[in-house]
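What follows draws every value from the coordinates through simple rules; no lab data is involved. None of these values were measured; they are calculated from a predicted model. Every residue, glycine as well, gets a Cβ built from its backbone with ideal geometry; the counts of neighbours run over all protein chains shown.
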Amino acid sequence: MALFGRKKKDEEKGAKSSENKQSNSVTEEMKVILEAREEEQKEKLAKAEERQQAQEEQAKQESFLEEQSKQAAKKILEGDGIPEGMTFFVVCDEIPLSAEPETEGNIVVRGTIRGTLKAGTEVFLYQGRGDKFTVKVEKIRNENREFVDEISYDRAEIEITRGDIPLPENPDDNASSAVQRFAVLTDGKGIEDMKDPSCKGMANAGNPRTTAMLCEYGKFGKDPVFFGTVMDSLMTSEFVTIAKISPAQNGKSAIGFVGITTKQDPNSSYLPVFTSQALAQRALKNGFGKQGGPDKRLCLSFAQTAAISRDNHHQGFLVNPGGPVTITIHKELVDKMVGTTIFKERFGEGAGDNASLALGGTGNRDLDNFIGNGGPNMPGIQKVIVSNPSDTPEFAVIENAVKSYCGKHADIVKVLILVSTPANNRKDRSYLCIMDCPDETFETECKGLAEAIKPFLKGIRRIQFQQFSKINKEKFPSKVTWLYSKLPQ
């Protein structure tokens with residue numbers, strides 16, 4: 001019996017030992033699992049901290065860029081470079097198609113107000129390739145979704161009337177679809193005809209759309225849609241540059257354009273241009289107008305800016321080098337802009353390739369001296385051969401179109417058409433049309449005659465216009481047979 005009982009105790013003891021070993025084994029496994037879980041939690045916590053830090057850095061950067069844009073806008077709106085009539089502007093960075101306007105047919109946009117916006121104000125909406133519409137601000141909501149009568153330097157949701165914005169082509173489209181992202185809403189007047197190829201008057205009006213876009217460049221410059229919109233805006237702008245004009249032996253004037261360098265590219269020279277006369281005047285006061293230096297302000301269309309900034313002396317152009325926001329447009333980018341459809345539609349083929357042509361001449365200095373408005377003597381100009389048009393069926397049709405148009409327009413006294421051909425590229429020909437008519441109707445008649453001729457331009461597809469009253473009569477040939485004349489020849 002004793003032996004039996006001892007045996008049973010030994011068995012119980014062995015069982016407990018086995019349980020202890022198993023228990024110890026489980027503890028070790030759990031320890032490994034817990035350590036692994038702890039490492040995983042630490043790793044998650046570290047990643048969460050990294051994300052939080054990245055978010056804080058991003059928020060900090062966004063706050064910095066917002067403050068930068070705000071200060072740039074204040075310098076424009078509260079300084080002496082303000083575009084005509086501008087008290088506010090909004091770059092509409094959101095077009096919420098799902099937002100319901102209070103009034104059916106109205107359009108809702110969102111953006112950060114620069115300056116002060118008041119409900120009930122009639123304003124302009126700029127977008128696309130120089131489109132300008134008139135709309136009215138109906139409602140303003142602040143960030144708390146509260147309706148307010150006015151708002152300053154804050155983000156807002158704005159409800160505007162459709163005004164003269166065209167209706168969507170598809171009736172099922174949302175009303176807001178006609179407004180493009182990064183459209184500019186402002187009371188800056190701009191010019192009456194945004195599609196004028198010369199963008200005439202835009203610099204005097206301060207380029208309200210371009211001014212607004214540049215102020216927000218730091219915030220949205222990396223957005224490809226914004227960047228493309230800025231490029232469109234530049235191509236529908238007129239600029240002011242500073243030049244040195246000196247008397248020349250031929251009685252005309254020689255124009256010397258400025259070249260400036262940047263800290264990032266000290267070995268390259270860029271053409272400085274300004275979005276307003278006021279900013280250019282400020283630059284003259286701050287150093288451009290030193291004794292013997294450049295002292296005149298000239299207005300340039302984008303085609304002229306492109307041509308000069310791509311000559312042998314420049315590697316592109318700088319917009320507003322004196323601030324409040326400066327951007328550099330390198331020569332390579334100008335090349336791409338000149339090759340776009342919008343450029344060719346506005347200015348024609350080759351307008352950005354020859355500075356003399358872009359400035360209103362023919363590309364030939366001697367011919368410019370008796371045809372052009374001063375005939376700028378610029379280095380690097382290629383020779384151009386000027387001749388009478390060939391007696392071809394194509395030109396016969398053009399001649400009939402010219403005579404038919406001119407006969408219906410009493411302001412046109414006479415018209416002469418020549419052919420301009422670069423000596424180094426005989427295929428790049430263009431018609432040069434000299435028109436005698438009053439100053440106030442010259443541009444209108446040019447556009448009208450160009451439309452009349454355009455369907456018949458086959459072999460030569462470009463036409464330039466020159467006003468007869470601006471020609472140097474001393475150098476102009478005394479005997480010329482005009483293609484059309486109301487006067488006896």
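Tabulated values for the structure
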read-out	value
Long-range Cα-Cα pairs in the range 33-161 (distance over 25 Å), rounded percent	43 percent
Estimated vicinal HN-Hα couplings, Hz - the range 103-120 in sequence order (Karplus 6.51, -1.76, 1.60; Gly, Pro = x)	10, 4, x, 6, 10, 10, 10, 10, x, 9, 6, 10, x, 10, 10, 10, 5, x
Which listed pairs, of 70/189; 336/403; 408/470, have C-alpha distances above 32 Å, in listed order	336/403
Extension reserve of the residue 286-residue 38 stretch, reckoned as 0.36 nm per residue once the Cα distance is removed	82.9 nm
Distance in nm between pseudo-label sites at residue 411 and residue 100 (7 Å out along the Cβ direction from Cα)	5.2 nm
Residue 397-residue 486 pseudo-label distance in nm [points 7 Å out on the Cα-to-Cβ vector]	2.9 nm
